[in-house]
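Chemist: The structure is given below, and queries will be raised subsequently.
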Amino acid sequence: MPDFMNLKYLSDRLIPERRKGVSVVFCVRNEKFRLEYFLNYYRQMGVTEFFAIDNGSDDGTKEYLLSQADTFVFFTQQSYKESNAGRDWTSSIAYEYCSQNWCLTLDVDEFLVFPHYEYASIDVLVSYFDRWGYQAAYGVFLDFYSDVPLSKTTYTSGQSVFDVCSYYDTSSSYRAFETPNFPFLQLKGGPRQRKFWDSKDPKSGPSMRKLVLAKWDDDFEYLHSTHSCTSVRLADITVAVTHFKFLAHLKDFSKAEVKRNDRVANSGDWRVYAQALDKEDVVLFDQGLSRRYHNSESLINDGHISSSIRFIDHLSPRALAQTDPVASAALTSMRERLFASGLEASISYRDLNKVWSSIGLFSQSFGSSTKNAQDLFRIDADINALINSAYWKSTRPLRKLAEKFGFCDYRSFPEDMLNQSVYTKFNYTIRSAWYELLAPVKLVVRVFKKVIPKRSS
């Protein structure tokens, strides 16, 4: 087995040629206590293949991984920071072994929750994505925590993390913002922002969006960890990447990471945790914001993830085939509620998930075919023509009014972006919902251009 990207292959068996199915790729260092539940969680979801990159562990992590028959183990002692927070390593593995297949790129404290996952395997999920041509799923990075001080949030290896940390912040704790990087929607907030960052600044703190599930091809690339990537067609449902950082070990672990100083941005986030945890035994539970987790429907009802009628219709025959009356009743009920709720025009984070299935219909691929200079020049010219067109200029007052009442944001005003790069202009015009909403206006303009001259003649 050839070594590459400073990764040494340790397992004593050959990696077979890729088969259909979802693979999990992850980096890990000195977190053996997490591995048993992490691996079993994804096995129960239907994953049969894991690619692990051990970054110099000395707590038995490497040995434990080597004992797992479904796990292919790589090892490196190179700098985590210099590998772009492990992204170079995980991406190399995915390109080599997951090409044209679905891949979950994770940390070992991250657990995927997708709508109705209690009734379907991950293979059913990606079969739905393949059927409709989706290439990735947008996800909220959702911190979970306990209702006791951090020092008492003890965890035993193999235990369900959902039993130890059963709470998450309601969707009102999160805010959505525009961003120039795909998928153009940034999320901030949650317990980390209100306890460790400036709760008065809604844009402070780490990014709370992730796109961990993606179909890999030669054009796909993560740009900033798994928080952003090259443009792909997003699914009409959203998912949650539930995150279990806040265990009793965090105080010592943070100090160790600060001392090692091998994280990006001078280990800035870890310094924040270490300093805060030195001052107090943090309690993240908040009577007004915390919600207890029960199942994926908890996150749907609270506006953290979204389902769609089409996805439920995809799942229903499989639930019935399993003669599972509970699954069938739950899916039928959710379908009726989705149908009854309709679409709501709002830019709040919670309501965004209510209309995601419609937004997802407008998600289009912007891949390698647009990367050469001629294509970029053509796109730039098309966008400039759009911005200078009569129908766009004539609707500016309408868009200003819509912005005033909170129905859209400045992404609706691409004429202000004329001096920006072609990628920025593309993001703020073609991908603007207003471009699609103004399609009827374009049609009217075309009709008038053809009809009026004929009448005058």
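The values are calculated or read from the model by the stated rules, or taken from the named source; none is laboratory data. Source: prediction; values computed, not measured. All Cβ positions, even for glycine, are placed from backbone atoms using ideal geometry, and neighbour counts span all protein chains on display.
Chemist: Can Leu35 be described as assigned to a helix (DSSP H, G or I) and either over 21 Å from the mean Cα position of the chain (by Cα) or free of Cβ contacts under 8 Å to residues at least 40 places away in the same chain (or both)?
Modeler: Yes.
Chemist: Working only within region 149-175, note down all residues that are of a type outside the set (Val, Ile, Thr) and touching a strand residue (DSSP E or B) at 6+ places or on another chain (Cβ under 6 Å). Give the steps one after another, and end with the answer.
Modeler: Let us first name the residues in region 149-175 that are of a type outside the set (Val, Ile, Thr), namely 149-152, 155, 157-160, 162-163, 165-169, 171-175.
Result: Cys165, Ser166, Tyr167, Tyr168, Ser173, Tyr174, Arg175.
Chemist: What residue, among those in region 290-311 that are of a type in the set (A, V, I, L, M) and either crowded, with 19+ Cβ neighbours inside 10 Å or assigned by TED's automatic domain parsing to the domain that holds Asp130 (or both), is nearest to the chain's Cα centre (by Cα)?
Modeler: Within region 290-311, the match that is nearest to the chain's Cα centre (by Cα) is Ile305.
Chemist: Sticking with this one: Is there a residue in region 16-30 that is touching a residue at least 12 places away in the same chain (Cβ under 8 Å), part of a helix (DSSP H, G or I) and of a type in the set (Ser, Thr, Tyr)?
Modeler: Within region 16-30, not a single residue is touching a residue at least 12 places away in the same chain (Cβ under 8 Å), part of a helix (DSSP H, G or I) and of a type in the set (Ser, Thr, Tyr).
Residue-by-condition table, conditions (1) in contact (Cβ under 8 Å) with a residue 60 or more places away in the chain; (2) closer than 27 Å to Glu82 by Cβ:
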residue	(1), (2)
Leu234	yes, no
Ala248	yes, no
Ala274	no, yes
Gly288	no, no
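Chemist: From the list Val264, Val282, Val258, pick out the single residue that is in contact with a Lys or Arg (Cβ under 8 Å, 6 or more places away or on another chain), in the same structural domain as Tyr168 (by TED's automatic domain parsing) and under 20 Å from Val164 (Cα atoms).
Modeler: Selected residue: Val282, the only one of Val264, Val282, Val258 that is in contact with a Lys or Arg (Cβ under 8 Å, 6 or more places away or on another chain), in the same structural domain as Tyr168 (by TED's automatic domain parsing) and under 20 Å from Val164 (Cα atoms).
Chemist: Looking at the structure I just gave you, is Lys8 in a strand (DSSP E or B), surrounded by fewer than 19 Cβ atoms within 10 Å (Cβ to Cβ) and not acidic (Asp, Glu)?
Modeler: yes
Chemist: Exactly one condition in (1) over 22 Å from Ser290 (Cα atoms); (2) at pLDDT 95 or above is not met by Gln135; state its number.
Modeler: Among (1) over 22 Å from Ser290 (Cα atoms); (2) at pLDDT 95 or above, Gln135 violates only (2).
Chemist: Going through region 205-220 one residue at a time, which ones are part of a loop (DSSP other than H, G, I, E, B) and within 27 Å of Pro191 (Cβ to Cβ)?
Modeler: Hits for region 205-220 are Gly205, Pro206, Ser207, Met208, Leu211, Val212.
Chemist: Do the conditions hold for Asp201, that is, is it in a loop (DSSP other than H, G, I, E, B), at pLDDT below 95 and surrounded by 15 or more Cβ atoms within 10 Å (Cβ to Cβ)? Write out each step before concluding.
Modeler: Numbers: in a loop (DSSP other than H, G, I, E, B): yes; at pLDDT below 95: yes; surrounded by 15 or more Cβ atoms within 10 Å (Cβ to Cβ): no.
No, not satisfied.
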